[in-house]
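The values are calculated or read from the model by the stated rules, or taken from the named source; none is laboratory data. As the structure is a prediction and not an experimental result, all values here were calculated from the model. Positions of Cβ are backbone-derived with ideal geometry, glycine not excepted, and every protein chain shown enters the neighbour counts. Ligands, DNA and RNA are excluded from the accessible area calculation, which covers all protein heavy atoms including side chains. Shrake-Rupley method; radii C 1.70, N 1.55, O 1.52, S 1.80 Å.
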Amino acid sequence: MIHDACGYTNVKDNNSNNSVDNEKPNVHATKFYKLLEDAETELYPGCKKVSKLSFVVKLLHLKCLNHWRNIWMDALLRFFREVIPEGSFVPIFFYEAKKVFCDLGLGYTKIDACQKDCILYWRDYTDVQACPKCGKSRWKSKEHGVKKVAHKILPHFSIKPRLQRLYMARESTKKMRWNKEKSMDDGVLRYPSDSVAYKSFDARHPTFSAELRNVRLGLAKLKELWDRVETYDAHSKSNFMMRVAIMWTINDFPAYGNFSGWSTKGKLACPCCHKDTQSTSLRSKLCYMGHRHFLPMDHPWRRSRTLFDGKVEMGVAPNPLRGDEALVQLQALGNVTFSKGQKRKRDFHSNAYNWKKKSIFFQLPY
């Protein structure tokens with residue numbers, strides 16, 4: 001499982017330190033290499049089918065499939081320790097086994113939440129006693145003062161450790177450096193690093209591009225990786241401060257509306273035509289017939305009346321929406337309130353066109 005998720009890794013190669021200049025792995029890398037060792041450690045002397053790590057993972061699998069309680073797991077582990085030969089690595093309590101899950105990224109955090117799902121009482125909102133959006137109290141107003149039962153389970157799924165582990169494997173580390181060390185700049189688009197977006201981003205952020213091991217992503221909603229995270233490089237045997245930036249997204253049309261904030265429904269659904277979208281109502285549906293705008297002016301389909309809507313098309317294609325124009329339109333959008341169980345409220349202005357919200361990507365500093 002670890003090799004499939006992180007690529008080929010040789011534990012002995014990664015942990016070898018033949019030079020005094022080699023740095024010791026950081027805390028995160030040390031945990032990772034410990035998992036690799038557990039994956040190759042026999043559960044008990046002579047056991048060839050199950051390793052120390054696979055035993056714990058399969059135990060968790062059975063618990064989830066059968067909805068076993070923790071107290072039942074403790075009893076099962078006590079029985080295993082009685083029948084399995086001495087010197088085994090069977091945990092005494094299920095609590096010890098759960099520590100391994102956290103190192104694998106399979107843990108979770110249980111925190112308070114607003115009844116209407118407005119906010120999570122986390123980080124800056126830890127000491128807030130009422131929701132700043134809907135005003136609902138964080139506590140029940142009963143005489144016995146029982147805490148409100150409104151919790152959220154946040155899984156410990158993060159792209160940060162996955163990216164760090166790419167550099168902990170020597171084979172994948174070489175591939176992560178390929179875009180700087182092996183790519184050819186001959187004007188041919190072979191790799192994302194050959195694109196205009198990639199090069200213009202490097203030009204705007206020279207401190208980011210100066211470190212060849214920094215990463216560009218297609219999609220993530222994280223800000224902390226822009227601020228640097230310590231990562232161990234198994235190839236050079238050194239720690240470095242890795243930064244990550246989002247370059248583009250690739251998704252279907254409904255997801256495009258969710259990510260961008262421009263609604264892909266209604267009269268102005270086309271993101272290319274934006275405010276100049278041509279739509280026609282067909283009973284309860286909308287039909288978009290302005291596609292002949294994008295044809296050359298001398299194209300025969302522009303003059304055809306029978307093949308389309310009975311009209312000659314002489315209009316021109318709308319200009320693509322520029323970034324500064326999008327910002328002006330978003331300023332006219334006003335405030336958008338999201339809450340569970342009620343319609344969205346916003347200060348609508350005609351210049352906002354089909355914008356429904358300001359994308360979360362605007363929170364990224366770059």
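Side notes on the structure shown:
- For the range 251-268, the count of residues that are aromatic (Phe, Trp, Tyr), in a strand (DSSP E or B) and surrounded by 16 or more Cβ atoms within 10 Å (Cβ to Cβ) is at least one.
- The residues of the range 1-27 that are assigned to a helix (DSSP H, G or I) and at pLDDT 75 or above amount to a single one, Val27.
- The criterion of at least 1 residues that are among the acidic types (Asp, Glu) and either modelled with pLDDT of 75 or more or surrounded by fewer than 17 Cβ atoms within 10 Å (Cβ to Cβ) (or both) is met by the following helices (runs of 4 or more DSSP H) wholly inside the range 138-183: 170-176, 178-181.
Yes/no matrix, rows are residues, columns are (1) over 28 Å from Ala29 (Cβ atoms); (2) surrounded by 12 or more Cβ atoms within 10 Å (Cβ to Cβ):
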residue	(1), (2)
Lys49	yes, no
Val57	no, yes
His67	yes, no
Leu76	yes, yes
Phe80	yes, yes
Val83	yes, no
Gly87	yes, no
Phe94	no, yes
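- Ser339 meets the conditions (1) assigned to a loop (DSSP other than H, G, I, E, B); (2) of a type in the set (S, T, N, Q); (3) surrounded by 12 or more Cβ atoms within 10 Å (Cβ to Cβ); (4) at pLDDT 85 or above in every case but one. The failed one is (4).
- Members of the range 224-235 that are open to solvent by 40 Å² or more (accessible area, probe 1.4 Å) and touching a Lys or Arg at 6+ places or on another chain (Cβ under 9 Å): Glu224, Asp227, Arg228, His235
- Residue within the range 242-259 that is charged (D, E, K, R) and under 18 Å from Met176 (Cβ atoms) present: yes
- Pairs with Cβ under 9 Å, 6+ apart, first in the range 238-267 and farther than 28 Å from Asn351 by Cβ, second among the aromatic types (Phe, Trp, Tyr) and part of a strand (DSSP E or B): Ser238/Tyr232; Asn239/Tyr232; Phe240/Tyr232
- For the range 269-295, the set of residues classified as basic (Lys, Arg) and either part of a strand (DSSP E or B) or touching a residue at least 24 places away in the same chain (Cβ under 8 Å) (or both) consists of Lys275, Lys285, listed by residue number.
- Residues in the range 300-335 that are within 27 Å of the chain's Cα centre (by Cα) and open to solvent by less than 100 Å² (accessible area, probe 1.4 Å): Leu321, Gly323, Asp324, Ala326, Leu327, Leu330, Leu333.
- Taken over the range 207-223, the criterion of being touching a residue at least 12 places away in the same chain (Cβ under 8 Å), in a loop (DSSP other than H, G, I, E, B) and open to solvent by 20 Å² or more (accessible area, probe 1.4 Å) is satisfied by Glu211, Leu212, Arg213, Gly218, Leu219, Lys221, Leu222, Lys223.
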